[in-house]
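Here's the structure, in structure tokens; my notes come after.
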Amino acid sequence: MKRKCQDYKSRLPDNTAMKQQQLPAFRLQLSANEILSGFFAIGLFCLGMGIILLLSAKSIREVEINYTEKCATCAKLREDATNFDKECNCSISFYLPQKMEGNVYLYYKLYGFYQNLYRYILSRSNIQLVGTDVKDVRNCAPFKTSDNGLPIAPCGAIANSMFNDTIVLLYNFNSSTHIRVPMVRTETAWWTDKYVKFQNPTFQNLSSAFAGTAKPPNWPKPVYELDEKDPGNNGFVNDDFIVWMRTAAFPNFKKLYRRLHRIGNFTEGLPAGSYSFIINYNFPVGRFQGQKAVVLSTLTWSGGSSLFLALAYLVTGAVTLLASFSMMAVHLKLKERKTFFLQ
Amino acid sequence: MFCSRKKSLEVERIVKANDREYNEKFLYKDNRIHTSKYSILTFLPINLFEQFQRVANAYFLFLLILQLIPEISSLTWFTTIVPLVLVVTMTAVKDATDDYFRHKSDNQVNNRQSEVLIDSKLQNEKWMNVKVGDIIKLENNQFVAADLLLLSSSEPHGLCYIETAELDGETNLKVRHALSVTSELGADISRLAKFDGIVVCEAPNNKLDKFTGVLSWNGSKHSLNNEKIILRGCVLRNTSWCFGMVIFAGPDTKLMQNSGKTKFKRTSIDRLMNTLVLWIFGFLICLGTILAIGNSIWENQVGDQFRTFLFSNEREKNSVFSGFLTFWSYIIILNTVVPISLYVSVEVIRLGHSYFINWDRKMYYSRKATPAEARTTTLNEELGQIEYVFSDKTGTLTQNIMTFKKCSINGRIYGEVCDDWGQKTDMTKKKETMGFSVSPQADRTFQFFDHHLMESIELGDPKVHEFLRLLALCHTVMSEENSAGELIYQVQSPDEGALVTAAKNLGFIFKSRTPETITIEELGTLVTYQLLAFLDFNNFRKRMSVIVRNPEGQIKLYSKGADTILFERLHPSNEDLLTLTSDHLSEFAGEGLRTLAIAYRDLDDKYFREWHKMLEDANTTTDERDERIAGLYEEIERDLMLLGATAVEDKLQDGVIETVTSLSLANIKIWVLTGDKQETAINIGYACNMLTDDMNDVFIIAGNTATEVREELRKAKENLFGRNRSFSNGHVVFEKKQSLELDSVVEETVTGDYALIINGHSLAYALESDVKNDLLELACMCKTVVCCRVTPLQKAQVVELVKKYRNAVTLAIGDGANDVSMIKSAHIGVGISGQEGLQAVLASDYSFAQFRYLQRLLLVHGRWSYVRMCKFLCYFFYKNFAFTLVHFWFGFFCGFSAQDVSDQNSMDYPQLYKPGQLNLLFNKSEFFICMAHGVYTSLALFFIPYGAFHNMAGEDGRHTADYQSFAVTTATSLVIVVSVQIALDTSYWTVINHVFIWGSIATYFSILFTMHSNDIFGIFPNQFPFVGNARHSLTQKCIWLVILLTTVASVMPVVAFRFLKVDLFPTLSDQIRQWQKAQKKARPLRTRKPQTRRSSSRRSGYAFAHQEGYGELITSGKNMRAKNPPPMSGLEKTLYNSTSWIENLCKKTTDTVSSFSQDKTVKL
């Protein structure tokens, strides 16, 4: 009997709020006033944000020079892949009417380069790049091995298509004096990329570390000769290489190339005046009807130029405000009907 | 396949008793039953085959195969195989558990013990080892193991009583009798062992009331009919033992043949989801095609050169082929619109709801300690869509307890309690019960509260005494004294039991009977009446009478029966009493009580003797015997003196009326399908308010031939439409009717309430293809449909009919084995648990102990499940559209090559939201709105970051516009947008909501940071190349600005839209909510008014669960145990008589039965 009672008890469902679906609940029911004031607040916030962003975007100084056309001869030369060993330099002068204050960054910009192609993105070996196994070329098709069967390092299509123009900025102090603007070539890549994701294989000598591997077919020199002066910037941990390997999301993109080294004349930034870019033109964009440009830019608190964001905020803010006004109108007009209904 | 072929081969069955070798030749099935679907070996292949028949599973398998092709694969194959394996395993485990329980129950049944005669000895044998041709012994209250030919029993003349509740739901005892040649075998084991009769009979079939066969034994042939067969599922009652020979075993038994096939049930949401999945698949193909064409064009114009530039050493494929490959890649990428997680989530939500049903204390029946149980977890939301409820009667609507409630004696009502204000109140409300001092045998369970009646008895009111005497005399009850000296009544119909018990409690105790006498105790004094004649009950007479001689020598005829019949044969002097009594009867009937009119007649000796002589003559003639007897009965049952009327309550289960009412208010139609009699069924219909006097018409279809049924249906329809026509413009309706006849399942509104009552025989005809539509059309326009006398299979057929032609969601509820097929064929089957038999529960999808819980199951759990499921699906599709279409937009900017925005995250977080859904309650919004909403969100999610990233640089000048940062930004925006969205959708914030919504955001970020951490990159550099991404991106101010803007832009329009919708087009639930708010402010809610009493009109509430043939049993004394053997001559006389009556009985029953079943055989 006793057991029976216990049995009975055990079959009775627990009287917990959870099991009886009676959990204490907060009912989120926003009143019309709350919603309307929320809308106003958000609209005002967006508008304000848009104005701030717009102002800061305006404060940015930016120079973009598309040199695809300007270096026509070089471009023509590069059309033919067989001329890969011929050097071609190209000089582009421009005038900076206002000085660029603060940190100045030098970017190269590519148009119509689909770095987001699916097969392209996959064509890399992170295991190789992190230095674990320099001969791991598993995912690198179609650039796995060279013609003589050696594994390519760094393998894959991304590495092979690395941007290899060299850009030097000269400050034309006067017609005869051309000062080379000091540029820092490091710290252009993300910290995690440089110190975690990309590692040279551990060997005393970098070239011996890459022994038994071949250079990518498009490269003029092997990876361990990317920056022979600075061992911390050579091999896989070369900043230019790392920046290239971080593939862009859209076919038109700019990548950080150099940072202004603020010494001497350039402590304040880039003074106004006449400048010229000396470009060692290697990267063939004509073959895929792309274009390339070089960009000089300063930054604001929110980073690079965010004109779109500013405008988007402005538009959103305006629309929200407009919406809240019309909602209020509708609501006030219908309020009478509603009270009638409530009775 | 194999079975059916074999069955079709078996035209007749030849069984030889006690000869297993002989019977083995025919390969009859043994008594083992299998309701389980799989065995250990067949489980995997069959189950997998079944599972991959599901659209979704097949679709994912297809995707998996696509992903294994390296040229196409854009996602790693494990993103599909892991969830697919998970889903398939989960389902398989569930199926396996279900089947395990089926095995267990099979085993339990198969291992029941029965005594089998093997090698001339009675041996205990498991049921499953019983073979066709075996002779088995059954004992009282045992379940019958197989379909048996009754050979002999403990009762005289090889009688035995069985209860067939499991088969047809009727609880009154039925009598079966063995052939006289076999009944002589008795319990003599050696003779039984030598019995070598050969039975040639019909092949296994599902007709419960039909059996034809021939027994050849000792050179003579004996014909067999249903009366000699005990079917599996019956219980032996009031018979201490009997022997039977197994004719059909296991799956061949009529019980098993009647159990419908277990079908795989799925909900309409499931089907909708399947269609949606197909649509979406079509949509995907469109998207894929657009992208593939785009890809081809791009390849042609730009890509070719670009590709050659990138992959210079590779001979390029042509652009068309590339487009082709892209197409498949995008199919894979975009499959996230219908991710496999949808199916997992839906299952999990359903599981949760099932648990909520199991946990519901309001559906827990404490008296039987049975909680509600969701036995299938996949049908919950369908509970919110039920349109038709098919209910069994006995045990489901009623408690199957008869109680004597009221009576009207000589124009005065007893049993009604008047309160101080002179108003009638419910008797049960009165606190004190009657003392019953007059009756020492008073039954404590008896509840009858009227002191006036007691007073009248004590005062010796002759009419009251006569009334009670009649109740004690005129019946077919058998009495028995148990060891404790208490009287036990063996009741053939529960109504009679109630009446006799009532008389007993009121001081007129039926003590015992012999074939010639009835002894009763009248207020303490024993009186023995001589039983002169017994005018038995039958369906046409609707009455029964006894003629007795009391000790004073007076001859009296006591009669009870249907008021309509009895009133016609009253003496003219009764007119005043008649009107009074018939008023009372209508009142009783209005309360849903089962009524009988009571009358007597004083006979003078001479007249009776003449009559009796004529009766004896008639009995001995062979031609037109029945007609003559009937004529004589008519002759003597006239000029009756009315005594009064009785009202017996077929007790409804608690809350049935309220449940029925509220379900009808919810626009759910309730059909009652019962194996019971028409009168009983109608009565219950009235009792639970399904039939009311306000109804415009009640159509009764009770034809016995196909043409009759057709005619009746036609008339009913004409009536229905005719009346309808008179309500509105005749011409219009006539045209409507014409169109209706063309397409007969068109819904038409018919003014007024109608009810349809159809019995089993008519139903058999009506289910024929050409009348079927008429029936359905008629039935669907009636508010209430009652089908009586239906077989289990017919129940299923009715359900199937509605299912097939109305496209409605059906629910069947029942408690016994006779409901199993109906439960199985309805969309949702509900079993009443806590009863003895478990078959209904085992076959059901939900089970609970009381009919009234149906209300809560449907209106609360069903609605919630449905609403929540809809909301979940809407949200899910919204989310996935938002999520997936981002790929689509991205496709335009990456040369249409497939690319995943965030391949790792995608498989992780869709599931995160689903539990948050569990406590939502809101109304449904359209799938396409969700879709549009999703599309809009995806636009915002893609193009705002796109614009922002266009010329972006980080705060430190490093570029941030790489695709990984873009992926992180979009994914984070997506998570935040959908979280805000769900927060807005959540109307009730419980702890769970908080935990899941905040938890899911937290989980997202922790997963994000984990996957982007150095450590995990160190372990799997190739699988997790996102190292440092989150860290870098999410520390950028501009990224957060983008996320914020995206959120605002995608959420604001929704809020505005909803705000305006509530203002401009408030939905019903909005209105109700506001109304409630206002009400709450105004004053506390009033409690609902108690239900008003039914209006009662003149209507006969006659119902009597009685069967013909008992009168003869009693007068012949065959069913009385020979405690004191009567004198020799008497015995011989009885023996002689007995054969005659038994033959009569057989003849009668077979006539009626075979006429029914023969027809049915053809029609079914």
field: Neighbour-count ranking [beta-carbon atoms within 10 angstrom, fewest first] of B:Tyr22, B:Tyr607, B:Tyr936
entry: B:Tyr607, B:Tyr22, B:Tyr936
- request: Kindly state, to the nearest 0.05, the FRET efficiency for B:Glu50 paired with A:Lys135, given R0 = 51 Å and r defined as their beta-carbon distance.
  value: 0.55
message: Which one, A:Tyr120, A:Ser93, A:Ala72, is farthest towards the positive end of the dipole of region A:62-299 when Lys and Arg carry +1 and Asp and Glu -1 on their Cβ?
response: A:Tyr120
message: Using a Förster radius of 45 Å, what is the FRET efficiency between B:Thr517 and B:Thr705 based on their Cβ-Cβ separation? Nearest 0.05, please.
response: 0.50
task: Determine, for each peptide in B:504-517, B:144-157, B:550-563, B:106-119, the mean count of other beta carbons within 10 angstrom over its residues, then list the peptides with the highest first.
output: B:144-157, B:504-517, B:550-563, B:106-119
query: Assuming R0 = 25 Å, what is the FRET efficiency of A:Ala329 and B:Ile929, from their Cβ-Cβ distance, to the nearest 0.05?
result: 0.55
query: Between B:Glu458 and A:Lys229, how many nm apart are label points set 7 Å from Cα along the C-beta direction?
result: 12.8
field: Convex hull of Cα atoms in region B:119-206, direction-averaged projection (nm²)
entry: 6.6
- prompt: Please state the equivalent ellipsoid semi-axes for region A:62-299: what are the square roots of 5 times the Cα gyration tensor eigenvalues, largest first, in whole Å?
  reply: 32, 21, 16
Residue pairs, from the table B:Lys94/B:Lys803; A:Lys70/A:Lys197; B:Lys511/B:Lys556, whose Cα atoms sit over 30 Å apart: A:Lys70/A:Lys197
Chain lengthening between B:Thr621 and B:Ile293 when straightened (0.36 nm per residue, less Cα-Cα): 108.5 nm
Estimated inter-spin distance, B:Asp604 and B:Thr376, nm [label 7 Å along Cα→Cβ]: 7.2
message: Can you give me the angle between helix A:32-58 and the longest principal axis of chain A, using Cα atoms only, in degrees from 0 to 90, rounded to the nearest 10?
response: 10
statement: Two pseudo-spin positions, 7 Å from Cα along C-beta at B:Ser662 and at A:Phe45, lie apart in nanometres by 4.4
- prompt: So between B:Ala1002 and B:Asn539, what do we pick up on full extension, going 0.36 nm a residue minus the alpha carbon distance?
  reply: 159.2 nm
field: Modelled label reach - B:Val200, point 7 Å along Cα→Cβ, region B:9-37 residues with backbone N closer than 17 Å
entry: B:10-17, B:23, B:26
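Throughout, read-outs are computed from the coordinates displayed, never taken from laboratory work. What you see is a predicted model; the values in this text were computed from it and never measured. We place every Cβ from the backbone using ideal geometry, glycine too, and count neighbours over all the protein chains shown.
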